[in-house]
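Undergrad: Below is one structure. I have some questions about it.
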Amino acid sequence: MLRKIIQIDEEKCDGCSNCVPECHEGALQIIDGKARLISDLFCDGLGACLGHCPTGALTVVEREAEPYDEKKVMETIVKGGPNVIKAHLKHMRDHKEFEFLTQAIDYLNDHNIPVPVFDEQPKQSASCGCPGSQEKLFIKENEDDETGQRKSQLTQWPIQLHLVSPTAAYYRNSNLLLAADCCAFSYGDFHKDFIKGKSIAIACPKLDSNKQVYLDKLITMINDASLQSITVVIMQVPCCGGLAQLAQQAVEHANRKIPVTVVVIGIEGEILQKVEL
């Protein structure tokens, strides 16, 4: 494929190795006194190493190269320990490479490796100018906390269905939790039992306007973001049923068929019903 990738001018390279630790994918090594790109698979083409080369031997070019492979990178990264993992994830986060970041976190979770926690989030600009609608991917530790204060399982922002982008990175190949607004306030273990491991969108089928926008977004999520499933959590009140109907209609109109599960929460906080549509 044609993509951006690092190019090294061997005549300019003096083998100082300043670039090596700045490549958080491990794509660069000093071999025979020169910096070498060990594999196209390891270079993301973002150029984090460029500013650390004193001779200007590194440039980013566009050429035919094998696609960057996050799984292969993670197989090497994890051998370096927690600090190396954290530097790699921060590198992708700061460059807004959320798709690769999600793949890296999935790799860590699949191999039971703790995911580093970052104290701050990168600043991003909201397309609509509203700070509350900025897309964010929160990095969470891969651990259960069954005692004391529970940790939030939310891994994205925004969550309101009118504000989200249906093709945002956190929806790709995910299991969607589509929840009525009131459910999180009614069910005590909402984060642990429903949000954990899922992307999320919330809506009120009674008070929100323009339900066609909701339907169109759900169809796009299924078709273009390749949702794997939808879990609809609603309250027992009659008006909440509209959210389950929206999910069912979206699957009927989509090009792909995915499973839909509806969970009904009672107003006293208990699970009343669980139905596979």
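Undergrad: Considering only segment 54-74, how many residues are in contact (Cβ under 8 Å) with a residue 40 or more places away in the chain, surrounded by 15 or more Cβ atoms within 10 Å (Cβ to Cβ) and of a type in the set (D, E)?
TA: So the answer is 0.
Undergrad: Kindly indicate whether L215 is surrounded by 13 or more Cβ atoms within 10 Å (Cβ to Cβ) and not in a helix (DSSP H, G or I).
TA: Numbers: surrounded by 13 or more Cβ atoms within 10 Å (Cβ to Cβ): yes; not in a helix (DSSP H, G or I): no.
Considered against the rule, which asks whether it is surrounded by 13 or more Cβ atoms within 10 Å (Cβ to Cβ) and not in a helix (DSSP H, G or I), L215 comes out as no.
Undergrad: Quick test of your reading of the structure: S152 fulfils all but one of (1) loosely packed, with under 15 Cβ neighbours inside 10 Å; (2) at pLDDT below 85. Name the failing condition by number.
TA: (2)
Undergrad: Test each condition in (1) surrounded by 15 or more Cβ atoms within 10 Å (Cβ to Cβ); (2) of a type in the set (A, V, I, L, M); (3) under 27 Å from D9 (Cα atoms); (4) at pLDDT 85 or above for L108 and report the one that comes out false.
TA: If we test L108 against (1) surrounded by 15 or more Cβ atoms within 10 Å (Cβ to Cβ); (2) of a type in the set (A, V, I, L, M); (3) under 27 Å from D9 (Cα atoms); (4) at pLDDT 85 or above, just (3) comes out false.
Undergrad: How many residues are touching a residue at least 24 places away in the same chain (Cβ under 8 Å) and either polar (S, T, N, Q) or out of contact with any helix residue (DSSP H, G or I) (no Cβ under 7 Å at 6 or more places or on another chain) (or both) if we restrict to segment 31-43? Quick ask: steps written out before the conclusion?
TA: Of segment 31-43, the ones touching a residue at least 24 places away in the same chain (Cβ under 8 Å) are 34-37, 39-43.
Still in the list and also either polar (S, T, N, Q) or out of contact with any helix residue (DSSP H, G or I) (no Cβ under 7 Å at 6 or more places or on another chain) (or both): 34-37, 39-40, 43.
Matching residues across segment 31-43 total 7.
Undergrad: Which condition number does Q249 fail, the rest of (1) at pLDDT below 95; (2) under 23 Å from the mean Cα position of the chain (by Cα); (3) farther than 24 Å from L154 by Cβ being met?
TA: (2)
Undergrad: Being polar (S, T, N, Q) and in contact with a helix residue (DSSP H, G or I) (Cβ under 9 Å, 6 or more places away or on another chain) is the filter; apply it to segment 234-272 and report the residue that is surrounded by the most Cβ atoms within 10 Å (Cβ to Cβ).
TA: Once the filter is applied, the top-ranked residue is Q249.
Matching residues to (1) of a type in the set (A, V, I, L, M, F, W, C); (2) touching a Pro at 6+ places or on another chain (Cβ under 7 Å); (3) modelled with pLDDT of 85 or more; (4) not in a loop (DSSP other than H, G, I, E, B):
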site: G47; (1), (2), (3), (4): no, no, no, no
site: K72; (1), (2), (3), (4): no, no, yes, yes
site: V78; (1), (2), (3), (4): yes, no, yes, yes
site: H91; (1), (2), (3), (4): no, no, no, yes
site: E99; (1), (2), (3), (4): no, no, no, yes
site: I113; (1), (2), (3), (4): yes, no, yes, no
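Undergrad: Quick one: count up the residues across segment 159-189 that are closer than 16 Å to V262 by Cβ and part of a helix (DSSP H, G or I).
TA: Looking only at that region, the number is 2.
Undergrad: While we're here: From G51, G33, which residue is more than 19 Å from H88 (Cα to Cα), loosely packed, with under 14 Cβ neighbours inside 10 Å, of a type outside the set (A, V, I, L, M) and not assigned by TED's automatic domain parsing to the domain that holds F98?
TA: Details: G51 fails: more than 19 Å from H88 (Cα to Cα).
After ruling out the rest, the residue left standing is G33.
The values are calculated or read from the model by the stated rules, or taken from the named source; none is laboratory data. Since we're looking at a predicted model, the values are computed, not measured. Don't worry about glycine lacking a Cβ; one is built from the backbone with ideal geometry, like all the others, and counts go over all protein chains shown.
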